[in-house]
Amino acid sequence: MSLPPLLYHYFQLPLPYARTLAVQESIHALQLALRRSKAHQDILLLLEHRPVYTTGRRQLSSAPEVLAEETRLTRLGADFVTTQRGGQITYHGPGQLIGYPLMDLGRTTPPVGIREYICKMQTTLKLHLSEAHGIKTIPSDNTGVFTDPFTKIASIGVQVRHRLTTHGFGLNITPEIYSWFSQVVACGLANVRPTSIADATITKKPGEITVSGEIQGLVRRWGKVYGRDMERLDVGGGGELAEIIRALEEEARAAALPPPPAVSLHLLAGHDHISPHQRIPPKTVRQISLFCGEKLGAPVLVITGFTI
């Protein structure tokens, strides 16, 4: 029996971890509901996260040491989320390509085992690093992808329920991740440091490496290793899956917009109303600037004059 195409979607804007986790759960529930009628679809979500530290199911969210870490790491400006994936604490953020394969391992007879699924994921990442960048990797007793016994370029942490997968991999693309990783013992490996494609590639200059530039090659190799035709999700199409992805895209775009002005002009300097084309005298403008600084805690804005 031939397998249906595996859909994929790449989010170009960084996403908050908790919201993306909720989307995975929504898709998992949708797949489970539709599986009996064989109308469910597999999808590979590709994205970057906003800075976040996540823990695995081995670490209890109520444990004193985990609570202390949450306090310390959130002070750095990152989010902190406990999850049910495998593995221990790690970091995700800009410069790292995250892949969330939401796949039904029971589509084949016999079903794909969890060990085989993870092995294929490692094989895909290694193949991409080798073919696209000439990066050599080594076997390791630890889950993930290593360029030497003490250097890691990709992490893997998955969850499988009802033979449906969630969570996935993080592939280090550019060096901005290093300072964040230095704050934790990632995946419990004290003597292991991160590297990235930009620092390890021998086929391109480091400045030419981008997250978006890795997408098509990785998607193609994913289909090759897993034996699936890869098909881009039509976000503008119908169906619940497209609606879920479309909603998250719209949220990401809204979050990326600049914040609205903190003050409405009609409230400034005692003006109840400013009519179109009314010129505000420089003295009044200086009053507006001082009002902003004193009342809103904003830096004093020096304006030489403008016309409404």
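General remarks:
- Residues considered: GLU243, GLU294, GLU231, GLU208. Of these, the only one that is modelled with pLDDT under 95 and either more than 22 Å from TYR8 (Cβ to Cβ) or open to solvent by 20 Å² or more (accessible area, probe 1.4 Å) (or both) is GLU294.
- Residue match in the stretch 111-128 (condition: under 20 Å from ILE202 (Cβ atoms), open to solvent by less than 50 Å² (accessible area, probe 1.4 Å), over 21 Å from the mean Cα position of the chain (by Cα) and in contact (Cβ under 8 Å) with a residue 12 or more places away in the chain): yes
- Applying the set (1) part of a loop (DSSP other than H, G, I, E, B); (2) open to solvent by 20 Å² or more (accessible area, probe 1.4 Å); (3) touching a residue at least 40 places away in the same chain (Cβ under 8 Å) to ALA39 leaves exactly one unmet item: (3).
- Some residue of the stretch 36-43 being farther than 28 Å from GLU243 by Cβ and touching a Phe, Trp or Tyr at 6+ places or on another chain (Cβ under 8 Å): no
- Residue pairs meeting the criteria (Cβ under 7 Å; at least 6 apart or on separate chains; first in contact (Cβ under 8 Å) with a residue 40 or more places away in the chain and open to solvent by 10 Å² or more (accessible area, probe 1.4 Å), in the stretch 6-28; second small (Gly, Ala, Ser) and not in a strand (DSSP E or B)): GLN12/SER212; LEU13/ALA252; LEU13/ALA256
- The residues in the stretch 129-146 that are touching a residue at least 60 places away in the same chain (Cβ under 8 Å) and of a type in the set (D, E, K, R) can be counted, and the count is 1.
- Pairs, first closer than 23 Å to GLU208 by Cβ and of a type in the set (A, V, I, L, M) in the stretch 180-198, second part of a helix (DSSP H, G or I) and open to solvent by less than 30 Å² (accessible area, probe 1.4 Å), C-beta under 8 Å, six or more apart: ILE197/LEU129; ILE197/HIS133; ILE197/GLU214
- With respect to the stated conditions, ILE215 fails to be aliphatic (A, V, I, L, M) and either farther than 12 Å from LEU97 by Cβ or in a loop (DSSP other than H, G, I, E, B) (or both).
- From the list LEU32, LEU21, the lone residue that is in a helix (DSSP H, G or I) and over 26 Å from ALA254 (Cα atoms) is LEU32.
- Residue in the stretch 49-70 that is outside any loop (DSSP other than H, G, I, E, B), under 28 Å from LEU248 (Cα atoms), open to solvent by 60 Å² or more (accessible area, probe 1.4 Å) and not aliphatic (A, V, I, L, M) present: yes
- Among the strands (runs of 3 or more DSSP E) confined to the stretch 122-205, the ones with at least 3 residues that are within 29 Å of GLN31 (Cβ to Cβ) are located at 151-161, 164-172.
- Among residues of the stretch 129-148, those that are surrounded by 13 or more Cβ atoms within 10 Å (Cβ to Cβ), modelled with pLDDT of 95 or more and among the β-branched types (Val, Ile, Thr), counted: 4
- Among the residues of the stretch 97-109, those identified as modelled with pLDDT of 95 or more and either open to solvent by less than 20 Å² (accessible area, probe 1.4 Å) or in a loop (DSSP other than H, G, I, E, B) (or both) are LEU97, ILE98, GLY99, TYR100, PRO101, LEU102, MET103, ASP104, LEU105.
- Condition met for PRO94 (in a loop (DSSP other than H, G, I, E, B), out of contact with any Lys or Arg (no Cβ under 6 Å at 6 or more places or on another chain) and surrounded by 15 or more Cβ atoms within 10 Å (Cβ to Cβ)): yes
- Residues in the stretch 149-182 that are open to solvent by 70 Å² or more (accessible area, probe 1.4 Å) and either over 17 Å from the mean Cα position of the chain (by Cα) or not charged (D, E, K, R) (or both): 6 in all.
The values are calculated or read from the model by the stated rules, or taken from the named source; none is laboratory data. Note that the coordinates shown come from a computational prediction; the quantities given were computed from them, not determined experimentally. Using ideal geometry, Cβ is built from the backbone for each residue, glycine included, and neighbour counts are taken over all protein chains shown. Accessible surface is based on the protein model in full, side chains and every heavy atom, while ligands, DNA and RNA are left aside. Shrake-Rupley method; radii C 1.70, N 1.55, O 1.52, S 1.80 Å.
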